[in-house]
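The next block holds one structure in the form of structure tokens; read it before the comments.
The values are calculated or read from the model by the stated rules, or taken from the named source; none is laboratory data. Only a predicted model underlies this, so the values are computations on that prediction, with no experimental measurement involved. So basically every Cβ, Gly included, is an ideal-geometry build from the backbone, and we count neighbours across all protein chains shown.
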Amino acid sequence: MRNPYDPIDQTGVVIDGLDIGNVVSQIQDKGFTVVENFLAQEDIASIRAAFNTEVPITEMRAIGTETGRTWRAHNLLAKTRAADHVFLDPRLRAIVDGVLGKYNQINITTLFNTLPGETRQLLHQDDGLWPIPRPHPAFLCNMLIAFDDFTKDNGATHLVPYSHSWTREVDQSVESIQVEMKSGSAVFWEGGMWHAGGANTTESEERMGFFISHQVSYLRPQEIQLLAIPPEVVKEMPHKLKRLLGYHPFGIGVDGRDPVDVLEDGVVVNPEARPAEDWRESYRG
Ligand SMILES: O=C(O)CCC(=O)C(=O)O
Ligand SMILES: [Fe+2]
């Protein structure tokens, strides 16, 4: 019998000219794939302009480097509406459904900029945060959109192909490839892939990227989306985006109510409060 959490079979599904089935099978087989021109240059320009003005940079070091030469900002959905359409893009939705199954949600959103002088990150697995023994079904699916061209010299992401299916730790000297891609292209990888941001050895080139990570909806996200975005902001979002932030029915919801309704109407605690003994009496009849 099919498990409702199984990945969706996207074989033969084509959206806006992109063969989703092929993208998904590459992520499943090799652990990653690049989709060229995922976003048009005009779109990159307008999102970049909004990020530049609306999203303050957090002083937060990249994992595994000590240089302070990478800027980062998280919780992007609280800070700007400029990228909502990217999260709702039917191609992204179909790819994530294909890798994780239809019950998925946003794990973390990050804007980063790797500056000249940054060193290579330690190779790591983003899904290592959850202490789930390997091998395990895919539960994390990442997308990184290049805002600037990613080149070997400015620190294009290192990936270790096929390593998402390995159960062993890798040596930091293991062979990796670097994902060179043009602005607007996106690399997708399964959360178990060993990877690292590269060293930026250029004099003056920056490498800005927009990272969106999804996970299965029954795990706790890396950034607590239900708390990260103020409810007044979430209320104004499209229904699907609310779902993606974790306002989805799971288990008991809230007192048996759909979290989207609770968000709209508020939590109702003891609508007709009576002393507990009264309730018990009424049951005894
Ligand atoms: O800089 C990159 O390209 C990847 C960054 C990354 O993997 C991370 O910070 O987890
Ligand atoms: Fe990472």
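Key figures for this structure:
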item	result
One residue from Ile132, Ile212, Ile145 being at pLDDT 95 or above, among the aliphatic types (A, V, I, L, M) and more than 15 Å from ligand 2 (Cβ to nearest atom)	Ile132
Per-region count, the stretch 117-142, residues surrounded by fewer than 23 Cβ atoms within 10 Å (Cβ to Cβ) and under 15 Å from Ser185 (Cβ atoms)	0
So Met208, is it in contact with an Asp or Glu (Cβ under 9 Å, 6 or more places away or on another chain), in a strand (DSSP E or B) and farther than 20 Å from Ser25 by Cα	yes
Any hit, the stretch 218-225, residues being assigned to a helix (DSSP H, G or I), away from ligand 2 (no atom under 16 Å from the Cβ) and of a type in the set (S, T, N, Q)	yes
Glu169 surrounded by 15 or more Cβ atoms within 10 Å (Cβ to Cβ), part of a loop (DSSP other than H, G, I, E, B) and either touching a Phe, Trp or Tyr at 6+ places or on another chain (Cβ under 8 Å) or not small (Gly, Ala, Ser) (or both)	no
Contacts under 6 angstrom Cβ, first residue in the stretch 122-134 being more than 11 Å from His195 (Cβ to Cβ), partner more than 14 Å from ligand 2 (Cβ to nearest atom), 6 or more apart	Arg134/Thr167
So Asp29, is it modelled with pLDDT of 95 or more, surrounded by 13 or more Cβ atoms within 10 Å (Cβ to Cβ) and more than 17 Å from Ile212 (Cβ to Cβ)	yes
Residues of the stretch 239-285 satisfying the condition of being among the basic types (Lys, Arg) and without any contact (Cβ under 8 Å) to a residue 40 or more places away in the chain	Lys242, Arg257, Arg274, Arg280, Arg284
Residue match in the stretch 11-19 (condition: away from ligand 2 (no atom under 16 Å from the Cβ) and within 18 Å of the chain's Cα centre (by Cα))	no
Tally, over the stretch 149-173, of residues that are closer than 17 Å to Asp126 by Cβ, more than 10 Å from ligand 1 (Cβ to nearest atom) and of a type in the set (Val, Ile, Thr)	3
In the stretch 174-186, the residues that are away from ligand 1 (no atom under 11 Å from the Cβ) and assigned to a loop (DSSP other than H, G, I, E, B)	Val174, Glu175, Ser176, Glu180, Lys182, Ser183, Gly184, Ser185
Some residue of the stretch 192-207 being at pLDDT 95 or above, within 27 Å of Ala94 (Cβ to Cβ) and of a type in the set (Val, Ile, Thr)	no
Restricting the stretch 72-131 to residues that are among the basic types (Lys, Arg) and within 16 Å of ligand 1 (Cβ to nearest atom), the residue that is farthest from Pro238 (Cα to Cα)	Arg120
The stretch 148-193: number of residues that are within 16 Å of ligand 2 (Cβ to nearest atom) and at positive phi	1
So Pro230, is it of a type outside the set (Lys, Arg) and either free of Cβ contacts under 8 Å to residues at least 12 places away in the same chain or surrounded by 12 or more Cβ atoms within 10 Å (Cβ to Cβ) (or both)	no
Residue count, the stretch 83-117 (criterion: among the basic types (Lys, Arg) and over 14 Å from the mean Cα position of the chain (by Cα))	2
Failed criterion for Trp189 (all others in (1) surrounded by 15 or more Cβ atoms within 10 Å (Cβ to Cβ); (2) away from ligand 1 (no atom under 16 Å from the Cβ) hold)	(2)
Looking only at the stretch 38-72, and only at residues there that are hydroxyl-bearing (Ser, Thr, Tyr), more than 16 Å from ligand 2 (Cβ to nearest atom) and modelled with pLDDT of 85 or more, the one that is surrounded by the fewest Cβ atoms within 10 Å (Cβ to Cβ)	Thr53
